[in-house]
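Please read the structure below before turning to the comments.
The values are calculated or read from the model by the stated rules, or taken from the named source; none is laboratory data. In this text, all values refer to a predicted model and were calculated from it rather than measured experimentally. Cβ placement follows ideal geometry from the backbone for every residue including glycine, while neighbour counts extend to all protein chains displayed.
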Amino acid sequence: MQPSPLDLLHYYLIDLTITPETVKASEINRGANNYPSFDDVEFWSQVEHRVRRNDPDPHTFMIMLKLKGEPKENSSFPYRFSIGAEALIQISPNYPAETRESLIVTNGAAMLYGALREQILNLTSRFRYGPILLPTVNFLNLIQKENVEEKQKISTVKKPRKSLKDEPKVKAIKRAKVKI
């Protein structure tokens, strides 16, 4: 075990909705772990991260993760949910600048996912149909998508830059919507 180059300074919820569906408890498809199975669920994630504008060597990032789950048609999955959080994450100044964004996206999103997974588990345990445990995931596909987008940027013609007063105070670097 070794210390992570990332430090989760703080996180907070920005969205939380859990709605029980009308299903028969005896018809809920439970997996080997006795939690409702996600086989019949549309499950999405959205990840964004930002740094301060004009920071040539950023070490503090804001990351946002939103999750949404809805039962597919004729599903016995007992809940419809939406949850989101934002986190302030600091990266070690010794970590190479050229790979910071990849680490923030994959590991930062994974840190937040674990926190949201636990929140959903705890909250649904107080509902009629019992707790749900979100599936185990990783966010490596965001890095692969990022690499493709970077190659596309290289081959496009650059547009003239706007003046600094026209730029937002926070520059959005990464936004990806991923279906899990």
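Listed by first and then second residue, the pairs with beta-carbon distance under 8 Å, at least 6 apart or on different chains, first residue in the stretch 89-114 and within 10 Å of His59 (Cβ to Cβ), second part of a helix (DSSP H, G or I) and among the aliphatic types (A, V, I, L, M), are Ile89/Ile104; Ile89/Met111; Ile91/Leu103; Ile91/Ile104; Tyr95/Leu103. Look at the stretch 45-66: where a residue is among the small types (Gly, Ala, Ser) and a partner is modelled with pLDDT of 95 or more, sitting 6+ places away or on another chain with Cβ atoms under 6 Å, you get Ser45/Leu67.
Filter the stretch 97-145 for residues that are of a type in the set (Ser, Thr, Tyr) and not in a helix (DSSP H, G or I) and give the result.
Ser125, Tyr129, Thr136, listed by residue number.
Only residues that are under 23 Å from Ala109 (Cα atoms) and within 22 Å of the chain's Cα centre (by Cα) were counted across the stretch 40-78, and they come to 25.
Name every residue in the stretch 12-36 that is assigned to a loop (DSSP other than H, G, I, E, B), surrounded by 11 or more Cβ atoms within 10 Å (Cβ to Cβ) and not polar (S, T, N, Q), in order of residue number.
To start, the set of residues in the stretch 12-36 that are assigned to a loop (DSSP other than H, G, I, E, B) comprises 21-24, 28-29, 31-35.
Within this subset, residues satisfying the condition of being surrounded by 11 or more Cβ atoms within 10 Å (Cβ to Cβ) are 21, 23, 28-29, 31, 35.
Once the filter is applied, which keeps residues that are assigned to a loop (DSSP other than H, G, I, E, B), surrounded by 11 or more Cβ atoms within 10 Å (Cβ to Cβ) and not polar (S, T, N, Q), the stretch 12-36 yields Glu21, Val23, Ile28, Gly31, Tyr35.
With respect to the conditions (1) touching a residue at least 40 places away in the same chain (Cβ under 8 Å); (2) within 18 Å of Asn138 (Cα to Cα); (3) surrounded by fewer than 16 Cβ atoms within 10 Å (Cβ to Cβ); (4) not β-branched (Val, Ile, Thr), Asp39 lacks only one, and its number is (1).
Only a single item in (1) within 17 Å of Gly114 (Cα to Cα); (2) surrounded by fewer than 17 Cβ atoms within 10 Å (Cβ to Cβ) is not met by Leu6, and it is number (2). Once the stretch 37-55 is narrowed to residues that are assigned to a loop (DSSP other than H, G, I, E, B) and touching a helix residue (DSSP H, G or I) at 6+ places or on another chain (Cβ under 9 Å), the residue that is farthest from Leu8 (Cα to Cα) is Asn54. Has the stretch 58-71 got any residue that is of a type in the set (S, T, N, Q) and closer than 15 Å to Pro131 by Cα? Scanning the stretch 58-71 turns up no residue that is of a type in the set (S, T, N, Q) and closer than 15 Å to Pro131 by Cα.
Filtered by the rule that a residue be surrounded by fewer than 19 Cβ atoms within 10 Å (Cβ to Cβ) and of a type outside the set (Gly, Ala, Ser), the stretch 69-85 gives Glu70, Pro71, Lys72, Glu73, Asn74, Arg80.
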